Amino acid sequence: MSKVGIMSMQRIANYGSFLQAYALKQLIENLGHSAEFVDYHVCAPVIKDNAENRNKYVRKIEKGLETFRYKAPLLHKLAFIQYKQSYGKKYMPLLGVSNEMNYNPTLDCMVIGSDEVFNCIQKNSNVGYSLELFGKDNRAKKLITYAASFGNTTLEKLAKYGKSDEIAGLLSKFDAISVRDSNSGKIVSELTGEEPVYNLDPVLTYDYMNCCKKIPQIKKTEKYLILYAYAGRISDDEADWIKEYAKKKGLKVYAIGGIQKCADKFIDCSPFEVLAYFQNAEEVITDTFHGTIFSVITHRPFTTLVRKSVGDSYGNEEKLGDLLKRLDLSPRVTMNIADMDRINATPINYLEVDRILQTQRAIAKEYLRKNIEE
């Protein structure tokens, strides 16, 4: 049995980050190894932001005030603030993560991933430009990644900010590199001359709906549509369209993950309850990577909204387009909310999707087994 460390986005207050971290831990432990989460030191981001100059307590207050600027019912805003404030205390222990940071332990193997662990050209001061996420100064006998992503960091951005050589040098020290999308694969192959392995996100690789006993049964009292999107990213026009659509279909709108103008309810629940809510939903609309994945593993009719990257702003078209192409579900993507009526009315061949997943799950498990054990 090997002692395996996982360096991921496990402390981010986000359902997708939690569920991918939990899934990867389960995949490794199911191979007979012990797994623990490893922390990295947060460094200054490459892209400067005014918020970086203020301390974390001031930023936290500003985040709370920002919530009140969103167009959503007041009770939803208050519930959202409570959700954010209590998230870590309630859910980090479920991952085996405590308040005490676990920096640089001695390990048989370090697995970096999944999630956007390589998204180094961004202005998020909660992550920053942290080279430990690229394996710097680790104390593991073996260093690998699993489904690591550069997010919307590109070769062009690495060159623009003068980071290409530094990142290339660190990538060359890995024993094995697995990525989850074509942009990340392109960066790795260009910087190292080696072709990485492609693996699906752990939420797809770990069979949550058949293997996880923590997903509860939720009694359904009304028909609802899930809107899974970050607060502030659904425009007024999109919200108005969704509200009318739901009314026409006789559905309530449940907002999960963020508050929304058009929502009838904001759902504050555990990460495992999220999957239960998805399982019982009539339909889903999302503009997130993991919201799309939750829809797939629960076999829901869904539409995925994509957002274009402009300059250094954060977009999602690359990772969402790549994900759905791999699952043969590209027609579920749109930039126009009005397409949702047509898209959600189009049946999904989930037998074929599950066939793809079964094949990719076997590939992923063999990649982890081989690179941890051999």
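Going by what's in this entry, would Met335 be described as closer than 18 Å to Ser235 by Cα and open to solvent by less than 30 Å² (accessible area, probe 1.4 Å)? No; evaluated as a whole, the condition is false for this residue. Hey, could you check the stretch 11-50 for residues that are at pLDDT below 95 and open to solvent by less than 30 Å² (accessible area, probe 1.4 Å) and say which is farthest from Asn102 (Cα to Cα)? Filtering first and then ranking leaves Ile47.
Scanning the stretch 273-291 for residues that are closer than 13 Å to Tyr208 by Cβ and either open to solvent by 10 Å² or more (accessible area, probe 1.4 Å) or over 17 Å from the mean Cα position of the chain (by Cα) (or both) gives Glu273, Ala276, Gln279, His290. Residues that are closer than 30 Å to Asp108 by Cα and not in a loop (DSSP other than H, G, I, E, B) occur at least once in the stretch 343-358. Checked against the criterion of being over 23 Å from Gly321 (Cα atoms), in a loop (DSSP other than H, G, I, E, B) and among the polar types (S, T, N, Q), the stretch 185-204 contains not a single residue that satisfies it.
Of the residues making up the stretch 63-109, those that are farther than 24 Å from Phe37 by Cβ and outside any helix (DSSP H, G or I) are Tyr70, Lys71, Ala72, Pro73.
Go through the residues of the stretch 190-199 one by one and say whether even a single one is touching a Phe, Trp or Tyr at 6+ places or on another chain (Cβ under 9 Å), open to solvent by 20 Å² or more (accessible area, probe 1.4 Å), within 25 Å of Ile297 (Cα to Cα) and aliphatic (A, V, I, L, M). Checking the stretch 190-199: at least one residue is touching a Phe, Trp or Tyr at 6+ places or on another chain (Cβ under 9 Å), open to solvent by 20 Å² or more (accessible area, probe 1.4 Å), within 25 Å of Ile297 (Cα to Cα) and aliphatic (A, V, I, L, M). Taking Lys163 as the residue in question, decide whether it is over 28 Å from Thr303 (Cα atoms) and in contact with a Cys (Cβ under 9 Å, 6 or more places away or on another chain). Yes; evaluated as a whole, the condition is true for this residue.
Residues checked against (1) among the basic types (Lys, Arg); (2) touching a strand residue (DSSP E or B) at 6+ places or on another chain (Cβ under 9 Å); (3) assigned to a helix (DSSP H, G or I); (4) without any contact (Cβ under 8 Å) to a residue 60 or more places away in the chain:
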{"residue": "Ile259", "(1), (2), (3), (4)": "no, yes, no, no"}
{"residue": "Ala263", "(1), (2), (3), (4)": "no, yes, no, no"}
{"residue": "Phe278", "(1), (2), (3), (4)": "no, yes, yes, yes"}
{"residue": "Thr292", "(1), (2), (3), (4)": "no, yes, yes, yes"}
{"residue": "Lys308", "(1), (2), (3), (4)": "yes, no, no, yes"}
{"residue": "Leu320", "(1), (2), (3), (4)": "no, yes, yes, yes"}
{"residue": "Pro331", "(1), (2), (3), (4)": "no, no, yes, yes"}
{"residue": "Asp339", "(1), (2), (3), (4)": "no, yes, yes, yes"}
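Restricting the stretch 160-188 to residues that are more than 12 Å from Ile121 (Cβ to Cβ) and basic (Lys, Arg), which is nearest to the chain's Cα centre (by Cα)? Ranking the candidates gives Arg180 first.
Does Gly232 meet the test of being out of contact with any strand residue (DSSP E or B) (no Cβ under 7 Å at 6 or more places or on another chain), free of Cβ contacts under 8 Å to residues at least 40 places away in the same chain and at positive phi? So Gly232 fails the test. Of the candidates Tyr91, Tyr103, Tyr70, the single residue that is open to solvent by 30 Å² or more (accessible area, probe 1.4 Å), modelled with pLDDT of 95 or more and within 24 Å of the chain's Cα centre (by Cα) is Tyr103.
Restrict the check to the stretch 346-369 and report whether at least one residue is modelled with pLDDT under 95 and either of a type in the set (Asp, Glu) or touching a Leu at 6+ places or on another chain (Cβ under 8 Å) (or both). No, the stretch 346-369 contains no residue that is modelled with pLDDT under 95 and either of a type in the set (Asp, Glu) or touching a Leu at 6+ places or on another chain (Cβ under 8 Å) (or both).
For the stretch 239-257, a residue qualifies if it is under 10 Å from Leu227 (Cβ atoms), more than 22 Å from the chain's Cα centre (by Cα) and part of a loop (DSSP other than H, G, I, E, B), but none of them does.
Just to be sure, is Lys142 open to solvent by 20 Å² or more (accessible area, probe 1.4 Å), over 18 Å from the mean Cα position of the chain (by Cα) and on the phi < 0 side of the Ramachandran plot? Answer is yes for this residue.
The values are calculated or read from the model by the stated rules, or taken from the named source; none is laboratory data. In this text the structure is predicted, and so the values were computed from the model without any measurement. All Cβ positions, glycine included, derive from the backbone under ideal geometry; neighbour counts span all protein chains shown. The accessibility values were calculated without ligands, DNA or RNA, using every heavy atom of the protein model including side chains. Shrake-Rupley method; radii C 1.70, N 1.55, O 1.52, S 1.80 Å.
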